[in-house]
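Undergrad: Dropping the structure in here first, questions after.
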Amino acid sequence: MGSSPSIRITKQLRQRQSRILELLSAEYPDAGCELDFTTVLELTVATILSAQCTDKRVNMVTPSLFRKYRSASDWAVVPQDVLEKEIRSTGFFRNKARNIRALAARLDKDFGGQVPDDLDTLVKLPGIGRKTANLILAVGYGRPGIVVDTHFKRVSTRLGFTNHSNPDRIEFDLKTLVPEEEWSQWSHCMVFHGRRCCSARKPDCGRCPVATLCPSCVAKS
């Protein structure tokens, strides 16, 4: 990603972004990843399962999986049809099972069963795009990461911080605007706010803590 941001980065824009993060962090002090996991490998599998599926549903499926499959080699050798049945309720189960098994085989063969902590390496692995890679870095390894999911995209766009629709371009815009040390917190706050207030069809602008700072707010007088 090496293009100019879709909006002009000004001092005022940075100040508004900083204030919004301050307010949302106060509103959602527990903002963070809502997938249940104990290892980076479990986080990676759960994140793959979460595509087009709620975290709540994934968390209902993974406990039994994580008890059964503890290493990359365990995931690599489980038969495709068996894993499909076990993750069926998460949707798109054939592709997810295929990606998990292929990823696990690569991890077992080339990385000693460990999930890499490098973005460029992660995005070359089966089933891992930039969103998943950034989540692994931010949540699994405590590194800065911009995690562009549907909530992040919607809220950041409504707040006037990007004009792009492509997730990679949105990631670049926000990495340009938001200080690196705030990338992960911004991501978590965008997701929490999108789920709890700034919904897709009917945003609750009346109780939004950043309504006065939002150019899209429909509750402004």
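Undergrad: Return one number: the angle in degrees, 0 to 90 and rounded to the nearest 10, between the long axis of the Cα atoms of helix 55-68 and the longest principal axis of the Cα atoms of the chain.
TA: 30
Undergrad: Then there is this: Which value, in Å to one decimal place, does the Kirkwood hydrodynamic radius take for the chain when every pair of different Cα atoms is included?
TA: 18.4
Undergrad: Summing +1 for each Lys or Arg and -1 for each Asp or Glu, what net charge is found among the other residues whose Cβ lies under 9 Å from the Cβ of LEU49?
TA: In short, +2.
Undergrad: Right, something else. Need one number: the % of Cα-Cα pairs in region 106-221 sitting beyond the 23 Å mark.
TA: That fraction is 35 percent.
Undergrad: Between SER73 and SER199, how many nm apart are label points set 7 Å from Cα along the C-beta direction?
TA: 4.8
Undergrad: Once you have the Cα-Cα distance between ALA26 and ARG14, take 0.36 nm times their residue separation minus that, and quote the gain in nm to one decimal.
TA: Contour length minus Cα-Cα distance gives 2.5 nm.
Undergrad: Ok, one more. If you average over every viewing direction, what projected area does the convex hull of the Cα atoms of region 40-140 give, in nm²?
TA: Result: 5.5 nm².
Undergrad: Let me ask something additional. Below 16 Å Cα-Cα, how many Lys pairs turn up in the chain? Only count pairs eight or more apart in sequence, or on different chains, if you could.
TA: 10
Undergrad: Would you mind checking which residues have amide H under 5 Å from GLY145's amide H? H placed 1.01 Å from N; only 5 or more apart, or other chain.
TA: So GLY145 has HN proximity to TRP183, SER184.
Each reported figure results from applying straightforward, stated rules to the coordinates on display, with no laboratory input. The structure displayed is predicted, hence computed values, not measured ones. A quick note on method: Cβ atoms are made from the backbone with ideal geometry, for glycine too, and the neighbour counts reach across all protein chains shown.
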